[in-house]
1. Along the principal axes of its C-alpha atoms, what lengths does the stretch 202-329 span, in descending order and rounded to whole Å?
2. From the Cα gyration tensor of the stretch 15-69, with a ≥ b ≥ c the square roots of its eigenvalues, which class applies: rounded if a/c is under 1.5, or else prolate if a/b is larger than b/c, or else oblate?
3. Decide, for the stretch 1-139, between rounded, prolate and oblate: order the square roots of the alpha carbon gyration tensor eigenvalues as a ≥ b ≥ c, take rounded if a/c falls under 1.5, and otherwise choose prolate if a/b is larger than b/c, else oblate.
4. Which residue, 240, 21, 198, has the largest displacement toward the positive end of the dipole of the chain when charges sit on each Cβ (Lys, Arg +1; Asp, Glu -1)?
5. Multiplying the sequence separation of residue 204 and residue 50 by 0.36 nm and subtracting their Cα-Cα distance, what value in nm do you get?
6. From the phi of every residue in the stretch 59-71, what ³J(HN,Hα) in whole Hz does the Karplus formula 6.51 cos²θ - 1.76 cosθ + 1.60 yield, where θ is phi - 60° and glycine or proline is x?
7. Can you tell which of 275, 34, 89 lies farthest toward the positive end of the dipole of the chain, using +1 and -1 charges on the Cβ of basic and acidic side chains (Lys, Arg; Asp, Glu)?
8. Where a Cα-Cα gap under 24 Å defines reach, which lysines qualify for residue 117, not counting those fewer than 8 residues away within the same chain?
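Every read-out reported here was derived from the displayed coordinates using simple, explicitly stated rules and does not represent laboratory data. Please read all numbers here as calculations on a predicted model, not as lab measurements. Cβ: placed from backbone, ideal geometry, glycine included. Neighbour counts: every protein chain shown.
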Amino acid sequence: MKKVLITGGAGFVGLHVARALLAGPDVEILLVDNLRRGRRDDEVQALLADRRCRLLEGDLCEVSTFEAAGKGFDEVYHLAAVIGVRNVMERPQDVIRVNALSTLRVLDWMAAGGGRKLLFSSTSEAYAWTQHVLPLPVPTPEAVPLALTDLANPRSSYAGSKIFGELAVTQYGRAHAFPFVIVRLHNVYGARMGYEHVIPELHERVRQGQTPLVVYATDHRRAFCHVDDAIALMQAAMANPAADGQTLNIGNDQEEVTIGDLAQRILRRAGSSASLEARPAPHDPIKRRCPDMRRTCNLLNIRPRVTLDMGLDRTLSWYDTHPRPPLAR
Ligand SMILES: NC(=O)c1ccc[n+]([C@@H]2O[C@H](COP(=O)([O-])OP(=O)(O)OC[C@H]3O[C@@H](n4cnc5c(N)ncnc54)[C@H](O)[C@@H]3O)[C@@H](O)[C@H]2O)c1
C-alpha cells in the first residue's frame, strides 16, 4: 500500500492529484489543508467517501499539523500555497509567510522521516522577473537565472516565495539525502480552478451576454495546460527516479494562443457572435510565456495530450453547472 500526503489537497491541483491516484490501486491518501481557499465541497466529499482518502484540517505553518499527520509517507506532494493576484496584491506579507514557513515545516518533517520523496510545486513566475532584465528564450527551458528585480512590488512576493522554496527544497534534500523533484507549473487550467482566472472569468461574462466582450491583454500569448496533463506529468515525475533532484517544467508547449484567440474560442463554444473590446493588460507585462517541455517529456517519456479545445470543453462544462456562487462575488 502506497501512502501519499498531499498538502493543499482540497485545492484545485491537489484534488485532481488525489482523484487520479485513487483511480489506481493500492494507495492511501492524506489530504492536508486549512480550507482557507480549498473547500469541503461535493467533490472533496466524494473523495472522502472513498475510505482510502482522509482529510486533515490544519495549518501547515504549525508543527502540530505534522504531528497529527504522522510519518512514513512514500510520496509527498507539497502543493499548499497562498496564490492568486488578489492575495498577492492585498496581503503580500501572508504570501511570503505562508509559502516560506509551510515549506520549511514540510522540509523539517521530511528530514525527520515524514516522507520518502517530495514533489514541490513551483511556478513559471520564478523566472518571470528575469524576463524584465534578460532576453530569455521562449519557449523557456528550466536552466535560466531566477531573479527578483523590484522588491517593493507586491507581485514579487509570490515569485520570491517560490524561488525561496526551490532553494530550500534543493538544499534540504541534498543535506538530508531524500529524493525530491521541483515542478514549475505553467498556466494549468481545469474544472474547479476557482473563479479568479482568465478562463472562468471570460466564460462567466460570455454567459451573461456581455457585448462587446471586454478582454484584457488580447495580444499576450500563453500556453495553457489542462490539469489532466499536468497531473499525469507530476505523477510521472514522482514515480520516476530519473526525475530525482531535477527541476521540470510542467505545461503544454504545443498550442500557444493569444488571449484574444482564447476569448474567440470561448465565444464560439457558446455560439455567441459578440465582438471583442481589447483593453491593455492591468498587471502582467509578460507578453509571451511558454515552457520548453523537452527536458520533462524526454526524461519522463510522456507528452501532454489534451488539446486546448478539448480542455476548454471539459473545463467549461464544469463551469456551466457550477456558476460563481453569489457569496464569492
Ligand atoms: N494552477 C496553476 O496554474 C499553477 C501555476 C503555477 C504554480 N502553481 C502552484 O501549484 C500549487 C497548487 O495550486 P492550486 O492552483 O491548486 O492552488 P489552490 O489555492 O487551489 O490550492 C492551494 C491549497 O493550499 C491550501 N493552503 C494554503 N495555505 C495553507 C496552510 N497554511 N495550511 C494548509 N493549507 C493551506 C489552500 O486552502 C488551498 O486549498 C501551488 O503551490 C501553486 O503555487 C499552480
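1. Between the extreme Cα coordinates on each principal axis of the stretch 202-329 lie 51, 32, 28 Å.
2. Values: a/c = 2.37, a/b = 1.47, b/c = 1.61.
Oblate.
3. It is prolate, given that a/c is not under 1.5 and a/b is the larger ratio.
4. Farthest towards the positive end: 198.
5. Values: separation 154, 0.36 × 154 = 55.44 nm, distance 3.24 nm.
Length gained between residue 204 and residue 50: 52.2 nm.
6. 8, 6, 7, 9, 4, 4, 5, 6, 4, 5, 6, x, 9
7. Of the options given, the answer is 275.
8. By straight Cα distance, residue 117 reaches 2, 3, 71, 162.
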